[in-house]
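What follows draws every value from the coordinates through simple rules; no lab data is involved. Every value quoted in this text rests on a predicted model; they were computed, and no experiment measured them. Because the Cβ atoms are built from the backbone with ideal geometry, glycine has one as well, and the counts that use them run over all protein chains shown.
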Ligand code: SF4
Ligand code: SF4
Ligand code: SF4
């Protein structure tokens with residue numbers, strides 16, 4: 001029996017739902033797994049069930065899974081306890097691996113964030129920053145691997161049940177696991193004509209397709225004038241079928257699987273991809289946040305200089 005501990009840090013909970021979404025694969029895996037700690041499913045408290053312990057404690061486990069990035073000192077403490085107690089640690093989803101959506105806040109200092117939240121919004125009665133019983137914020141959002149060693153990272157916002165099942169199965173069977181090193185476009189079945197387009201369309205305009213039409217007959221969304229981040233994003237969201245998850249829903253890729261390989265810069269790659277079909281990347285307002293939407297850690301997003 002393999003003991004599994006799961007934790008969520010600065011997260012929305014969507015990646016936990018992915019674990020539940022495993023469906024039948026979860027039924028196959030469950031007889032081999034014993035969940036010893038997983039806040040989304042079971043009531044297991046950090047300081048003992050009646051608060052009798054003085055130190056935060058997570059049970060020992062063979063496999064640890066962490067979703068969410070590290071925003072607060074409490075997140076850091078929990079991540080460090082998971083590392084101490086888990087033999088193999090998986091970072092689940094783009095928040096855990098690259099900061100994800102919460103790391104968009106890395107464009108602001110914590111003072112700016114507090115001013116905005118507690119004093120500057122029109123609907124808020126200005127107040128002091130709360131200080132009682134609240135874990136202090138760190139200076140920015142960190143990925144899990146910036147704070148502790150991680151053995152395996154599964155990207156995606158959320159990641160996919162297929163990837164979770166594949167990673168767990170490989171771990172259980174002692175087989176190697178690796179992520180694809182190709183782009184979402186490499187898997188995408190739509191028709192590319194390599195003809196220039198002149199205008200970027202608004203994201204909420206409708207992609208051109210006829211209901212029931214085969215994907216191979218639908219024109220590439222970027223060549224239709226939409227910002228699609230498939231050229232600069234790691235493939236893998238389409239599962240065995242390989243049709244990218246958003247394209248299957250007639251939506252553009254927003255880049256949630258992160259860079260195609262470690263060290264790649266999606267912003268530079270996207271600027272090149274857009275220019276190559278005649279689109280002007282400078283028309284995109286807020287380029288920095290748009291191209292780094294899911295990957296704000298390790299300096300991709302940082303406070304902007306005052307103007
Ligand atoms: S990666 Fe996306 S789905 Fe997963 S926790 Fe972060 S915001 Fe939620
Ligand atoms: S740009 Fe988007 S629509 Fe076009 S091939 Fe790439 S992923 Fe598919
Ligand atoms: S198509 Fe892009 S944004 Fe959509 S799930 Fe796949 S990687 Fe994420």
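Rg/Rh for the range 19-147 to two decimals, with Rh computed the Kirkwood way over all alpha-carbon pairs.
1.04
Among 257-269, 201-213, how do they line up from the highest to the lowest mean number of other beta-carbon atoms within 10 Å?
257-269, 201-213
So what is the diffusion coefficient of the range 114-174 in µm² per second by Stokes-Einstein at 10 °C and 1.306 mPa s, using a Kirkwood Rh over Cα pairs?
It comes out at roughly 100 µm²/s.
For the range 180-298, what is the convex hull volume of its Cα atoms per residue in Å³? Spell out each step's value before the answer.
On the way: hull volume 11.9 nm³, N = 119.
Measuring per residue, one finds 100 Å³ for the Cα hull of the range 180-298.
How long are the semi-axes of the ellipsoid equivalent to the range 106-260, from square roots of 5 times the Cα gyration tensor eigenvalues, in whole Å, largest first?
36, 27, 13
Please rank 284, 113, 65, fewest neighbouring Cβ atoms within 10 Å first, as an exposure proxy.
In increasing order of surrounding Cβ atoms, one gets 113, 284, 65.
For the chain, what is the calculated [θ] at 222 nm in deg cm²/dmol (nearest 500), taking -39500 (n - 2.57) for each run of four or more DSSP H residues and dividing by its residue count?
-6500 deg cm²/dmol
Dimensions of the chain along principal axes (Cα, Å, largest first)?
Result for the chain: principal-axis Cα extents of 67, 53, 33 Å.
Which number do you get for Rg(Cα) / (2.2 N^0.38 Å) in the range 249-307?
1.20
What does DSSP give for the chain in terms of the percent of beta bridges that are antiparallel, rounded to the nearest 5?
15 percent
Could you work out the mean projected area of the convex hull around the alpha carbons of the range 1-89, in square nanometres to one decimal?
Orientation-averaged projected area of the Cα hull: 5.9 nm².
Once you have the Cα-Cα distance between residue 38 and residue 206, take 0.36 nm times their residue separation minus that, and quote the gain in nm to one decimal.
Extra length from residue 38 to residue 206 when fully extended: 56.5 nm.
Sorted by packing (mean other beta-carbon atoms within 10 Å per residue), highest first, where do 2-9, 27-34 land? Don't skip to the answer; put the middle values down first.
Details: 2-9: 22.5, 27-34: 12.2.
Taking the mean over residues of other Cβ atoms within 10 Å, the ranking is 2-9, 27-34.
Could you give me D for the range 32-79, from Stokes-Einstein at 20 °C and 1.002 mPa s, where the hydrodynamic radius is the Kirkwood radius over C-alpha pairs? Units µm² s⁻¹, please.
The Stokes-Einstein estimate is 176 µm²/s.
Order of 1, 107, 251 from fewest to most other C-beta atoms within 10 Å? Write down the numbers at each step before the final one.
Details: 1 8, 107 18, 251 15.
Fewest to most other Cβ atoms nearby, the residues stand as 1, 251, 107.
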